[in-house]
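Asker: Sharing a structure here in structure tokens format.
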Amino acid sequence: MTTLNQPSTAFTRSLASSSRAVKVTAVVFGSLLIAAASQIEVPFFPVPMTMQTFAVLLVGLLFGSRLGAAAVLAYLAEAAVGLPVLSGGDALVSLLVKPATTGYLVGFVGAAFVAGLIAERTAGRIWGTVAAAVAGEVVLMTLGVAFLAWLIGAESAVTYGFVPFILGDVLKIVLAVAVARGVGRLSLPTAL
């Protein structure tokens, strides 16, 4: 039986009990997964639709709260040093010119942490995984739309930064839950 603070899936448990080198490798891999997902883009204005949400939620669900948030922070650090990891191959300096996505990027950290935390506390049950992904998405959209509202007004932020993304985000939640449930059954080799 899983306790409240024990990681929820076989994958998460094996990652949590792995060496520091494996955890660092997982964080880097998670950041690269998010970077790759950001390149799958449908141009929208003022915020592009990407697969980043899927990758952020998946990393949170599989890695847990701390390592999931660390992977997102590593992704943002890659962008901060000038690597072209944001959507469209941009680096973090591009936010000075087009700041509309800033709130969503900050929301990624909270989304991964919250999704991971709830997944950890619901013992890998399907309802818990779904609740974790939905809660992560709520955190992400709340922060993203709030910052966008500060830039362009609340009504425009909802019109352009929330409504067009509803269906796509529901599909990304379903995909993240399905992949997390499948991968979650796997364990890392104990030799790592």
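Asker: Taking each pair of distinct Cα atoms in segment 51-192 once, what is the resulting Kirkwood hydrodynamic radius in Å?
Answerer: Kirkwood radius, segment 51-192: 15.4 Å.
Asker: If I fit a long axis through the Cα atoms of helix 126-152 and take the longest principal axis of the Cα atoms of the chain, what angle between them do I get, 0 to 90°, rounded to 10?
Answerer: Its long axis makes an angle of about 20 degrees.
Asker: Sticking with this structure for a sec: In terms of modelled amide H atoms, which long-range or inter-chain residues lie less than 5 Å from the amide H of M49?
Answerer: For M49, the qualifying residues are V42, F44.
Asker: Just to verify a number: what accessible area does L143 come out at with the full protein assembly present, 1.4 Å probe, Å² rounded to tens?
Answerer: Around 70 Å² of this residue is reachable by solvent.
Asker: Hey, what does the equivalent ellipsoid look like for segment 139-192, semi-axes from the Cα gyration tensor as sqrt of 5 times each eigenvalue, largest first, whole Å?
Answerer: Rounded to whole Å, the semi-axes are 36, 14, 5.
Asker: Could you list, bin by bin from short to long, the percent of Cα-Cα pairs of segment 1-83 in 5 Å steps?
Answerer: The percentages, shortest bin first, are 3, 15, 22, 21, 17, 10, 6, 4, 1, 0.
Asker: OK, next. Hey, what do the phi angles of segment 35-49 turn into as Karplus ³J(HN,Hα) couplings, whole Hz, using 6.51/-1.76/1.60 and θ = phi - 60°, x for Gly and Pro?
Answerer: 4, 5, 5, 5, 7, 8, 9, 10, x, 10, 10, x, 10, x, 8
Asker: Could you give the accessible area per residue of the chain, probe 1.4 Å, as a whole number in Å²?
Answerer: Per residue, the chain has an accessible area of 49 Å².
Asker: So what's the angle, to the nearest 10 degrees on a 0 to 90 scale, between helix 166-184 and the longest Cα principal axis of the chain?
Answerer: 20
Asker: Based on the mean of other beta carbon atoms within 10 Å per residue, what is the order of 40-47, 146-153, most packed first?
Answerer: 146-153, 40-47
Asker: As an exercise, take the mean of 1/r over every pair of distinct alpha carbons in segment 92-165, invert it, and state the Kirkwood radius in angstroms.
Answerer: Mean inverse Cα-Cα distance, inverted, gives 12.9 Å.
Asker: What value, in deg cm²/dmol to 500, does the helix sum -39500 (n - 2.57) over DSSP H runs of n ≥ 4 give at 222 nm once divided by the residues of the chain?
Answerer: One gets -23000 deg cm²/dmol as the mean residue ellipticity at 222 nm.
The values are calculated or read from the model by the stated rules, or taken from the named source; none is laboratory data. The structure presented is a predicted model; accordingly, all values stated were derived computationally and were not measured. Virtual Cβ from ideal backbone geometry, glycine too; neighbours counted across all protein chains shown. Note: areas computed on protein heavy atoms with side chains; ligands, DNA, RNA excluded. Shrake-Rupley method; radii C 1.70, N 1.55, O 1.52, S 1.80 Å.
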